[in-house]
Amino acid sequence: MEQETVSLRWEGKKVAHVNGIMAEKIWSVVSDFCNIHKWLPTIDTCYRVEGTEGQPGLVRYCTSTKTKDEEETKWARERLVKIDPKERCLSYEVLENNVGFKSYVATIKVMTVDSGNVCRLEWSFVSDPIDGWKKEDLEAFVDFFLKHWANKMEMNL
């Protein structure tokens, strides 16, 4: 009898493109770790809790909009694990939250495509399974935020 192996970790990657904006300008938004609330929907606040701006170890606290179905505001404390301005890449991890993440690490990269005319935003993640979610739910969540972020940058930069 063949045994089915269940993956203990979820891994995924989503990609979006930003047209007509230089990678350096996109990176200035992505690397501004404590201002994500200015770019992503449903995130109401985001502020520095500890650490130095632009340095690994920086911790931010984010809260999300309450919806009709939710009884409490969703929140997360997240730590910047790695930031590389030369490669235009950063990684962060969720430390504490009331969303259901037990372990979640994301990496966001900004890459130049088509001689600088188009930028590629790549958001990859490694996560423990989240109670009540399927991997596809997390992928859809990341994809929604990434595409919104890319569209908002395209319209406002």
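The values are calculated or read from the model by the stated rules, or taken from the named source; none is laboratory data. Please read these numbers as outputs of a predicted model, since none were measured by experiment. Methodologically, a virtual Cβ is constructed for each residue, glycine included, from the backbone with ideal geometry; neighbour enumeration extends over all protein chains shown. Surface areas here come from the heavy atoms of the whole protein model, side chains and all, with no ligands, DNA or RNA. Shrake-Rupley method; radii C 1.70, N 1.55, O 1.52, S 1.80 Å.
Every test in (1) of a type in the set (Phe, Trp, Tyr); (2) assigned to a strand (DSSP E or B); (3) over 18 Å from Val29 (Cβ atoms) is passed by Tyr92 save one, and that test is (3).
Yes or no: the range 97-110 includes at least one residue that is in contact with a Cys (Cβ under 6 Å, 6 or more places away or on another chain) and open to solvent by 20 Å² or more (accessible area, probe 1.4 Å). Yes, there is a match, as at least one residue in the range 97-110 is in contact with a Cys (Cβ under 6 Å, 6 or more places away or on another chain) and open to solvent by 20 Å² or more (accessible area, probe 1.4 Å).
The single condition from (1) surrounded by fewer than 17 Cβ atoms within 10 Å (Cβ to Cβ); (2) assigned to a strand (DSSP E or B); (3) touching a Pro at 6+ places or on another chain (Cβ under 9 Å) that Leu80 fails is (1).
In the set Gly20, Gly12, Gly51, only one residue is on the phi > 0 side of the Ramachandran plot, at pLDDT 95 or above and of a type in the set (Gly, Ala, Ser); that residue is Gly51. Checking each residue in the range 31-51 for being touching a Phe, Trp or Tyr at 6+ places or on another chain (Cβ under 7 Å) and surrounded by fewer than 14 Cβ atoms within 10 Å (Cβ to Cβ) picks out Tyr47, Val49.
Only one of the numbered conditions (1) touching a His at 6+ places or on another chain (Cβ under 6 Å); (2) of a type in the set (Ser, Thr, Tyr); (3) in contact (Cβ under 8 Å) with a residue 40 or more places away in the chain is not met by Thr45, and that is (3).
Residue-level analysis places Val94 outside the set of residues that are over 22 Å from Gly20 (Cβ atoms), open to solvent by 30 Å² or more (accessible area, probe 1.4 Å) and β-branched (Val, Ile, Thr). Summed over the range 116-128, residues that are at pLDDT 95 or above, open to solvent by less than 50 Å² (accessible area, probe 1.4 Å) and either assigned to a loop (DSSP other than H, G, I, E, B) or out of contact with any helix residue (DSSP H, G or I) (no Cβ under 8 Å at 6 or more places or on another chain) (or both) total 4.
Residues that are within 14 Å of the chain's Cα centre (by Cα) and not hydroxyl-bearing (Ser, Thr, Tyr) do not occur anywhere in the range 49-56. Against the criterion of being of a type outside the set (Phe, Trp, Tyr), in contact (Cβ under 8 Å) with a residue 40 or more places away in the chain and surrounded by 13 or more Cβ atoms within 10 Å (Cβ to Cβ), Val113 qualifies.
Filtering the range 25-54 to residues that are small (Gly, Ala, Ser) and not in a loop (DSSP other than H, G, I, E, B) leaves only Ser28.
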